[in-house]
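A.B. asks: I have a structure here, written as structure tokens, and I will follow up with some questions on it.
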Amino acid sequence: MKASQFLISTLKEAPTDAEVVSHQLMTRAGMIKKLGAGIYNYMPMGLRVIRKVEAIVREEMNRAGAVELTMPVIQPAELWQETGRFDKMGPELLRIKDRHDRDYVVQPTSEEVITDIARQEIKSYKQLPKNLYQIQTKFRDERRPRFGLLRGREFIMKDAYSFDRDQDAAKASYQVMAKAYRRIFDRFGLTYRAVAADSGAIGGDLSEEFQVIAATGEDAIVYCPNSDYAANMEKAEALAPATPGGPAQTAMEKVATPDKSTCAEVAAVLDVPLNTTVKSLVLATDEIDAHGVITKTQVWLLLLRGDHDMNEVKVGKLPGLAAFRFATVDEIVAHFGCKPGYLGPIALRQALKVVADRDVAVMADWICGANEEGFHLRGVNWGRDLPEPDMVADIRNVVEGDASPDGKGVLAIERGIEVGHVFYLGTKYSKAMNATFLDVNGKPQWMEMGCYGIGVTRVAAAAIEQSHDDKGIIWPDALAPFTVVLCPINPDRFPDVKAAADALYEKLMEAGVDVMLDDRNERPGAMFADWELIGVPHRVNIGDRGLKDGVVEYQHRRDSAATSVPLSDIVALLQSRLQA
């Protein structure tokens, strides 16, 4: 491609609403152009990146035995009503009506449609397994779209769905996809981690997120540097302390803590470590009858160490807490006789259920609220000062230095951007939509399903978040809009420069190299700045002075300076760099 034929529209400044680096640089590099809130035009330079992501995904999905199809962006509401998601999904699901007043949705995902296809097409166990995928536009009506392609409303996604006859076969299909995803992300050339993820209401352990490592990532990734253990924060287990806190050493006493309502403030005023304090979190669960009326409310007190944070996903998996909410102020006062900030498990007005985190359950001489404004209790101990908790469980986020669940060291935490997810679905959708097949015994069975997603446009943004500098984007070779750019210097003044650039361009094209020739006659500084902003990995500068000595200049996007290379060797050099 020649620059004069292409659309290059770089900007010196990013728009004021661009909050993250990928949004800023994709806009400045002319890769995306905002059309509306969370909706972007993919400009030619950006579309080339997206198509390269898609090509790698498509090749590896096909290699893994998946079969491509395309499902409509606009889907009949009837299918979504079968699974109940038309009403349950919330405002993120964009609902529309046609001229006949029939309900439709703009697809955010396609479990219903693919299950409808499967129940029509798959009749016998002999047709299984099957894996069907698409690369298609999706739409989720985010309340606050932000961060460019990282959290837009319209985006491109690869979603695949496997169908199997039983759980064992479904797990085998899952493993095929998990391996395919690793090949995909290896080929992208990005630093990533595959981390164990929470499986939600379906349960089980077959769920992994693929996270691109980036300091600006919105997700916390937990891993052990000494092993293969990795999980997202929701899933990572906090082990019980190896040794208990020991017997009580002091008597319980009430101490004044005026205007000190947080554990950190109390620890400071009492001059004690924060990890000797215990925070109280009050939750509630409601029993609701068939008419939607609350018939009973259970209040729960969760106790965590002052330096720890509650993990809502873990809490929601505890018996009785699946549909928890945070208690109201009236409920808190009724049970504790005190406003939040001074709460504790002693001297309660009404009975409630107490859940202690594993760490708190073995603490001795700890500090908590006295259920009296301006006061806390110190020297609190289980058994002596209050009964043992109703439940002991892992209800907290892990922190750096915690023991790794695999016993091979301690945990570390880094930031990541989720760009892929593989997930065992089971029969959630096949049961809801009666997607059955006749098994070998002639009896109908529900299909076992898995789903596997990659955010195609999100991959492009995540790659930039991971790799950029003050000049612009630094693409890996596999994702760059162009792999090589040729920059002739003043070709309008020096015919030999133009001739050499044209000849080199033709040689590289014949060799199958994805090359751009910048024939715009731009000033060298402006031309170099454009390609550094756009992030093309390999650049060749062709100037009259160098040609007199038979050399050109080669510079990788990460290099601080160019290197002189004989013109006769530059094609071989580029090919060796690209193969590496």
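A.B. asks: What label, among (1) 182; (2) 214; (3) 264, belongs to volume of the Cα convex hull per residue in Å³ computed from the structure on display?
C.D. replies: (2)
A.B. asks: Here's a follow-up. Could you work out the relative contact order of segment 482-579, using alpha carbon pairs under 8 angstrom and six or more residues apart, expressed as a whole percent?
C.D. replies: Relative contact order comes out at 29 percent.
A.B. asks: So how far, in whole Å, is the C-alpha centre of segment 374-424 from the one of segment 522-577?
C.D. replies: 53 Å
A.B. asks: Sticking with this structure for a sec: Report the FRET efficiency, 1/(1 + (r/R0)^6), for residue 579 and residue 191, where r is their Cβ-Cβ distance and R0 is 25 Å, rounded to 0.05.
C.D. replies: 0.75
A.B. asks: Just want the answer: with Cβ charges of +1 for Lys and Arg and -1 for Asp and Glu, which residue in 332, 288, 257 is farthest toward the dipole's positive end in segment 253-393?
C.D. replies: 288
A.B. asks: Moving on to the next point. Suppose each label sits 7 Å from its Cα in the direction of the beta carbon; what would the residue 218-residue 400 distance come out to in nanometres?
C.D. replies: In this crude label model, residue 218 to residue 400 measures out at 2.4 nm.
A.B. asks: Sequence neighbours fewer than 8 away in the same chain don't count; with that in mind, list the lysines whose C-alpha is under 21 Å from residue 353.
C.D. replies: 279, 296, 314, 317, 339
A.B. asks: Then there is this: Test of understanding: what is the full-extension gain from residue 120 to residue 323, defined as 0.36 nm times their sequence separation minus their Cα-Cα distance?
C.D. replies: 69.5 nm
A.B. asks: Separate question: Reachable lysines from residue 471, Cα under 17 Å, same-chain residues fewer than 8 places away excluded?
C.D. replies: Candidates past the 8-residue exclusion: 12.
A.B. asks: Oh, and also: Summing Lys, Arg as +1 and Asp, Glu as -1, what charge do residues with Cβ under 14 Å from the Cβ of residue 117 carry, residue 117 excluded?
C.D. replies: Local net charge: -4.
A.B. asks: Moving on. Rounded to the nearest 500, what is the chain's calculated 222 nm mean residue ellipticity when only DSSP H runs of at least 4 contribute -39500 (n - 2.57) each, over all residues?
C.D. replies: Using -39500 (n - 2.57) per qualifying helix, the result is -8000 deg cm²/dmol.
A.B. asks: So how far, in whole Å, is the C-alpha centre of segment 446-488 from the one of segment 71-132?
C.D. replies: Using only Cα atoms, the two centres lie 29 Å from each other.
A.B. asks: If the chain between residue 313 and residue 334 were fully stretched, how many nm would it gain, using 0.36 nm times the residue separation less the Cα-Cα distance?
C.D. replies: Gain on stretching residue 313 to residue 334: 4.9 nm.
A.B. asks: Here's another thing I want to ask about it. How about segment 83-141: which GluC sites (Glu not before Pro) there lie in a loop by DSSP and see at most 13 other Cβ atoms within 10 Å?
C.D. replies: 92
A.B. asks: With a cut-off of 19 Å, note down the residues of segment 111-140 whose backbone N falls inside the zone around a label point 7 Å from the Cα of residue 98 toward its beta carbon.
C.D. replies: Only 112-114, 116-117 fall inside the zone, counting backbone N under 19 Å.
A.B. asks: Under a point spin-label approximation (7 Å from Cα along Cα-to-Cβ), what is the residue 4-residue 373 distance to one decimal in nm?
C.D. replies: Modelled inter-label distance: 7.9 nm.
A.B. asks: Rounded to the nearest 0.05, what FRET efficiency do residue 256 and residue 167 have when you use their Cβ-Cβ distance and R0 = 60 Å?
C.D. replies: My answer for the efficiency is 0.50.
A.B. asks: Now for a different question. Please work out whether segment 482-579 counts as rounded, prolate or oblate from its C-alpha gyration tensor, where a ≥ b ≥ c are the square roots of the eigenvalues and a/c under 1.5 means rounded, while otherwise a/b larger than b/c means prolate and anything else oblate?
C.D. replies: rounded
A.B. asks: If you line up the long axis of helix 524-534 against the longest principal axis of the chain, both from Cα atoms, how many degrees apart are they, to the nearest 10?
C.D. replies: The angle comes out near 40 degrees.
A.B. asks: Need the full-extension length gain, residue 432 to residue 510, defined as separation in residues times 0.36 nm minus the C-alpha distance. One decimal, nm.
C.D. replies: Roughly 22.6 nm would be gained on extension.
A.B. asks: So which aspartates and glutamates pass the test for residue 254, namely a Cα distance under 13 Å, with those fewer than 8 places away in the same chain ruled out?
C.D. replies: Candidates past the 8-residue exclusion: 365, 372, 373, 385.
A.B. asks: Now for a different question. Using 7 Å Cα-to-Cβ label points, what is the residue 78/residue 441 separation (nm, one decimal)?
C.D. replies: So the label points at residue 78 and residue 441 sit 3.4 nm apart.
A.B. asks: Exceeding 19 Å between C-alpha atoms, which entries from my cross-link table qualify? They are 123/443; 126/428; 171/408. Walk me through the intermediate numbers first.
C.D. replies: Working: 123/443 11 Å; 126/428 22 Å; 171/408 27 Å.
Going by Cα-Cα distance, 126/428; 171/408 fall outside the 19 Å limit.
A.B. asks: Which FRET efficiency value, to the nearest 0.05, is calculated for residue 17 and residue 384 with the Förster distance at 56 angstrom and r the Cβ-Cβ distance? Walk me through the numbers before you get to the answer.
C.D. replies: Values: r = 58 Å, r/R0 = 1.04.
Taking R0 as 56 Å, the efficiency between residue 17 and residue 384 is 0.45.
FYI, it's all coordinate maths here, none of it is from the lab. Not measured: the values here are computed from a predicted model. Positions of Cβ are backbone-derived with ideal geometry, glycine not excepted, and every protein chain shown enters the neighbour counts.
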